[in-house]
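None of the figures in this text is laboratory data; all of them are computed from the coordinates on show. Since the structure is predicted, the reported quantities are computational estimates derived from the model, not experimental observations. Positions of Cβ are generated from backbone atoms using ideal geometry, with glycine treated the same way; all protein chains shown enter the neighbour counts.
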Amino acid sequence: MSDTDTTPEPSVPATLPPALTPAQRRQVINIVRRAARAEIMPRFRRLSDGEIRTKSGADDLVTDADTRAEAMITRALQIAFPSALVIGEEAVASKPAALEGIAEAQLAFVIDPVDGTWNFARGLPMFGVIIAATRFGKPVFGLIYDPVGDDWAIADEQITPQLQRPIGPAKELRVADAKPMEELSGIIPLHLFPAQHRAQLAATFPGFGRVNTLRCSAHEYRMLAQGHIDFSLTALLHPWDHAAGALIAQRAGAHVEMLDGGDYSASRHEGHLLIAPDKVTWSKLKKQFSFLIAEPEAE
């Protein structure tokens, strides 16, 4: 794959500068593609047992592809954006305090070098690289790259969100149209919710058309932004999983809001993020999931 063949950038209104210039966007794309080519794809379906390790539990994996790709992307972003804060998922695993800088940083990059590591480690081609740029915690640029397909979803605060390829026309991203509740398809990773809520949450599933999880935020957000699924609800707000996707989905027309109210921020690490095709659908879904934010009764 060529580092220089990228889809032409859409025009941006001159009155408000984008978070990154077109040249900087291309630079970030090429950084990610080079890392995927050098550190991720050569290890796909070729990992030895020693190259797969656990973090918080048996299903929370990290591989040499994660650590080496993150190191390569981090170095390149620090060179390209010397004044920016650069935070990687694997670096946070050893230094959690690094997350505290997101809220104060004028420009921060948040990296998930291999999102969907469980899939990657098991040889399933359902993984991606996620890069978000934030300004004082607010997502202002998002890139979700698929190393297998060599294409990427991209958006910032102004450009039309697109699915781009190295060669060929870009595809504008647009979320699904509103539909009845019983026809909605959604993403709810049940295992990430507190144990005391799982049974009640699972009881809502028959009221929808389909509820899934792909074990990969990168592809879940790409599906959402393309209109292939209707909504998502999550309870684990790691910024490397959600900052880019929340922005891309919002720019593609989705209503993005915390279940307890307010805008999503990459500096917020607790709560429930609910994304739906529009505000009306979002409000209906909120009623379904209101028990998640109900105040406990006094004894």
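General observations
- Once the Cα-Cα distance is subtracted from the 0.36 nm per residue extended length, the A71 to H197 segment shows a gain of 41.6 nm.
- The alpha-carbon of K95 sits under 16 angstrom from the alpha-carbons of these lysines, leaving out residues fewer than 8 places away in its chain: K55.
- From helices alone, the chain scores -8000 deg cm²/dmol at 222 nm; the rule is -39500 (n - 2.57) for each run of n ≥ 4 DSSP H residues, then divide by the residue total.
- Computed as a quarter of the hull surface, the mean projected area of the alpha carbon convex hull for the stretch 167-223 stands at 5.3 nm².
- Stokes-Einstein D in µm²/s, Kirkwood radius over Cα pairs - the chain at 25 °C with 0.890 mPa s viscosity: 126
- Karplus 3J(HN,Hα) series, Hz, for the stretch 38-55 with 6.51 cos²θ - 1.76 cosθ + 1.60 (x for Gly, Pro): 8, 10, 9, 5, x, 9, 5, 6, 10, 6, 7, 4, x, 8, 10, 10, 9, 10
- Under the simplified labelling scheme, the L124-T54 pair shows an inter-label distance of 1.8 nm, with each label point 7 Å from Cα along Cα→Cβ.
- Exposure proxy for W240, W282, W152: other Cβ atoms within 10 Å of each Cβ, ordered fewest to most, give W282, W240, W152.
- Overall shape: rounded for the stretch 181-292, with the ratio a/c of the largest to smallest alpha carbon gyration tensor axis below 1.5.
- For the stretch 125-232, the average shadow cast by the Cα convex hull is 8.5 nm², which is a quarter of the hull's surface.
- Neighbour-count order for V114, V32, fewest beta carbons within 10 angstrom listed first: V32, V114
- As a calculated quantity, the FRET efficiency between S283 and Q158 at R0 = 35 Å, using C-beta atoms, amounts to about 0.80.
- Cross-link partners of K179 among lysines, defined as those whose alpha carbon lies under 20 angstrom from its own and excluding same-chain residues fewer than eight positions apart: K279, K284, K286, K287.
- Spatially, the stretch 142-197 and the stretch 239-299 are offset by 15 Å when compared through their Cα centroids.
- Dimensions (Å) - the stretch 22-172, Cα atoms, principal axes, largest first: 43, 41, 24
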